[in-house]
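Just so it is clear, none of the values below were taken in a lab; they were calculated from the coordinates. All of these numbers come straight from a predicted model, not from anything done at the bench. Here the Cβ positions follow ideal geometry from the backbone for every residue, glycine too, while neighbour counts run over all protein chains shown.
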Amino acid sequence: MDKAVQRKSSAGWLLGFNNLFVKEIREWLEVRRWLVQTIVWLFIVNGLLAMILFVLPNVASAGGETAIQDPVSDGVIGFFGLGGLAFSIGIIILAQGEIVGEKLNGTAEWVLSKPVARSAFFLSKLAANAIGALVVMLLFQSVIAYGILTAADAGRVTLLNFLAGLEMLALHLCFYLSLTLMMGVLAKSREMVLGVSLGVLLVGLLLRNFIGTLTLVTPWMLPDLAGLAALGETAPLPILLPVVSTAIWTLIFIAVGLWRFEKLEF
Amino acid sequence: MEPTHQTETVIRTEGLSKNFGEIEALKSLNLNVPEHSITGFLGPNGAGKSTTIRLLLGLNRPTAGTGNIFGCDIVEDSVEIRKRVGYLAQQPHFYDEMTAREILDYTARFFFTGPEAGIKARVMEMLALVNLEDKADRRIGGFSGGERQRLGIAQAQINEPELLILDEPAAALDPMGRLDVLHIMEQLRERATIFYSTHILDDVQRVSDRVVILNQGRLISQGPIEELLAGSDGTVFRLQTTGKIERARQRVTNQPWVSSVNINAVNGLTEWRVGVSEELAARSQLLRLILEDETVEVLEFGREKYQLEEIFMKLVSGENDG
């Protein structure tokens, strides 16, 4: 077998990306990691959905009154609402140390002493965590959720509508991932990254009912809108504006993260 | 700037400076490191050695001045430079959950492409170089400081660099480990230029052919180690003799190329320090002049050399006093 290796002659803003990305995505592919993630989210998100669809209606009927008039509708709203919150908290916790941790423990300095573009370092973290989170958190759980919904009431939630809702939830997840990575570049401690990222998420939950149309330029209504989209119902708010503005915020966070990472000193 | 592959000076800086806020970490450094030299980079803690190394690798940006390696600008062409350089940090940090083999494989893939077998062979070669074959599949989290340092040398060498930059390569090693590192550096002399910072002056004297001394961010000396060790007192020859020396002393003192003769008696021996203005004349005639007297025996003869430690302390304390 020919063992001769060749020196890489490539250059540019993605130099080193493949190697970095493979290392990052391998962490997501570790059996323990994806298994734990799958089980945790299965209990939290699909557990709630199953309870709304199969348990609560029976409990209510036994008492003579039912608080759940439309289990499928409540289940879908619950899945997307809780999923939006829980997956975002999950990605913030998982990604909080991705950049700031490597800055603090010296591994970023080591990697960047090799022929690696700084943009490739940042983008490899973004791409691997986005793919990992979207597949392990969102896709796995959504397949299970759609199966449960179909078992409860086949044909009530169309696949197309469900996918439309999922797209919004995916965007919501990417917003918090890009925010967390950008904060990893800007901040000097994990606590700061965690505080700001979780703060944006939780403050949004509190404020979204009090800031009127301003919510349209935030991602805070997206999980609710995703639920309505999945049900094929008309939203009380224009759906496009929060989607576009969340996408713009996400791109801004990525751009700021890339720009500041180029200027970092080690 | 167009990179050049046939430069005789590998590292060159002009007025290279770095401030961290109000602190001037590096003050207008003019550095020259020739090809295939082993250059010891000396200075007390906080002298600016690691800052200089980080500037050379593009990990920090200069406040003023310029620098180039292989003719490539350290700011504009940093990636091209890093393709041809191997670097070991003062305290090397790797991913603790990875094994030594995985770290070297990961590092190799930044530089090389090609068959898996080729990458694996390169990794094995490096593990053998630093004697870590039996620990290849252990997680780095459990490595001792010395093992980590040896892995650091392996990853720095994996791309067969033309320039090795080592920041305190022997700091965490025991005496045997230190000797191994010096041996590796000597082995690599033919293939690469080595620029390394250290506090261990004995090591510098043993393997380096050039020395750069930095103090408080300022360059205070650089050049061939032989020149530095010869001292700044002019050329002095040292002898140790037995027997009666009066006539020999008279003959030596009368030579026009002799500027001073200092003699001390120590334990029945006579120690001479002869200052000369013409080294060639001294080399060819001094010993003969003394041996003309058959009662005199010469036990030692040679040009006066200082220990690096003496020179270093003299330069650094002189700079601090000044």
**Request:** Treat every Asp and Glu Cβ in region B:232-303 as -1 and every Lys and Arg Cβ as +1, leave all other atoms uncharged, and give the resulting dipole magnitude about the Cα centre to the nearest 20 debye.
**Result:** 80
**Message:** Among B:315, B:146, B:71, whose Cα projects farthest towards the positive end of the dipole of chain B, with charges put on the beta-carbon of Lys, Arg (+1) and Asp, Glu (-1)?
**Reply:** B:315
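To the nearest 0.05, what FRET efficiency results for residue B:189 and residue A:206 with a Förster distance of 45 Å applied to their C-beta separation?
With a Förster radius of 45 Å, E is 0.10.
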**Asked** If you put +1 on each Lys and Arg Cβ and -1 on each Asp and Glu Cβ, how big is the dipole of the protein assembly as shown around its Cα centre, in Debye rounded to 20?
**Response** 400
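Any idea what % of Cα-Cα pairs in region A:73-116 are farther than 13 Å?
Counting every Cα pair in region A:73-116, those more than 13 Å apart make up 66 percent.
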**Prompt:** Working out 0.36 nm times the residue gap between residue A:93 and residue A:265, then minus their Cα-Cα distance, what length gain in nm do you get to one decimal?
**Reply:** 59.4 nm
**Message:** Need one number: % antiparallel among DSSP beta bridges in the protein assembly as shown, to the nearest 5.
**Reply:** 75
**Base-10 log of normalised Debye intensity for region B:9-229 (one unit scatterer per alpha-carbon) at q = 0.11, 0.12 Å⁻¹** = -0.53, -0.63
**Complete:** Highest GNM mean-square fluctuation among A:207, A:198, A:134, for chain A with Cα springs under 10 Å, belongs to A:207
**Message:** Looking at the calculated P(r) for region A:58-138, what percent of the C-alpha pair distances fall above 22 Å?
**Reply:** 51
**Request:** Can you pull a Stokes-Einstein diffusion coefficient for region A:94-133 at 10 °C (1.306 mPa s), Rh from Kirkwood over Cα pairs, as a whole number of µm²/s?
**Result:** 150
**Prompt:** Label 7 Å along Cα→Cβ of residue B:266; region B:217-252 residues with amide nitrogen under 15 Å?
**Reply:** B:237-242
**Item:** Binned Cα-Cα distance frequencies in the protein assembly as shown - 10 Å width, integer %
**Value:** 3, 14, 19, 17, 14, 12, 8, 5, 3, 2, 2, 1, 0, 0
**Request:** Find the centroid of the Cα atoms in region B:25-94 and in region B:142-180, then give the distance between the two in whole Å.
**Result:** 18
**Request:** May I ask for the Rg/Rh ratio of region B:232-303, computed from Cα atoms with Rh as the Kirkwood radius, given to two decimals?
**Result:** 0.93
**Prompt:** Which whole number in µm²/s is D for region A:163-225 by Stokes-Einstein, with the Kirkwood Rh taken over Cα pairs at 4 °C and 1.567 mPa s?
**Reply:** 103
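What list do you get for A:188, B:305, B:49, B:135 if you sort them by fewest beta carbons within 10 Å?
Neighbour counts put them in this order, fewest first: A:188, B:305, B:135, B:49.
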**Message:** Number of Lys pairs in chain B with C-alpha atoms less than 29 angstrom apart, excluding same-chain neighbours closer than eight positions?
**Reply:** 15
**Fill in**
Of all DSSP beta bridges having both residues in region B:9-229, the percent classed as antiparallel (nearest 5) is 55
**27 Å tail of the calculated P(r), chain A, as % of Cα pairs** = 45
**Request:** Filter the GluC sites (Glu not before Pro) in region B:233-302 to those in DSSP coil with at most 15 other Cβ atoms within 10 Å of their Cβ, and list the result.
**Result:** B:278, B:292, B:294
**Item:** Translational D in µm²/s for region B:1-138 (Stokes-Einstein at 10 °C, 1.306 mPa s, Kirkwood Rh from C-alpha pairs)
**Value:** 93
**Request:** Equivalent ellipsoid semi-axes for region B:170-313, as square roots of 5 times the alpha carbon gyration tensor eigenvalues: give them largest first, rounded to whole Å.
**Result:** 38, 17, 14
**Complete:** Binned at 10 Å starting from 0, the alpha-carbon pair-distance distribution of region A:130-266 in whole percents comes out as 12, 35, 33, 16, 4, 1
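Relative to the compact globular guide of 2.2 N^0.38 Å, what is the alpha carbon radius of gyration of region B:151-213, as a ratio?
1.03
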**Prompt:** Most fluctuating residue of B:210, B:288, B:109 in a GNM of chain B with Cα springs under 10 Å: which is it?
**Reply:** B:288
**Prompt:** For residue A:69 and residue A:107, FRET efficiency with R0 = 51 Å and r from the beta-carbon atoms, rounded to 0.05?
**Reply:** 0.40
**Inter-site label distance for residue A:14 and residue B:139 at 7 Å from Cα along Cβ, in nm** = 3.3
**Pairwise FRET efficiency - residue A:160 versus residue B:28, Cβ, R0 = 51 Å, nearest 0.05** = 0.15
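Using just the helices of chain B, give the 222 nm mean residue ellipticity in deg cm²/dmol: DSSP H runs with n ≥ 4 each add -39,500 (n - 2.57), and the total is spread over all residues, rounded to 500.
It comes out at -10500 deg cm²/dmol, rounded to the nearest 500.
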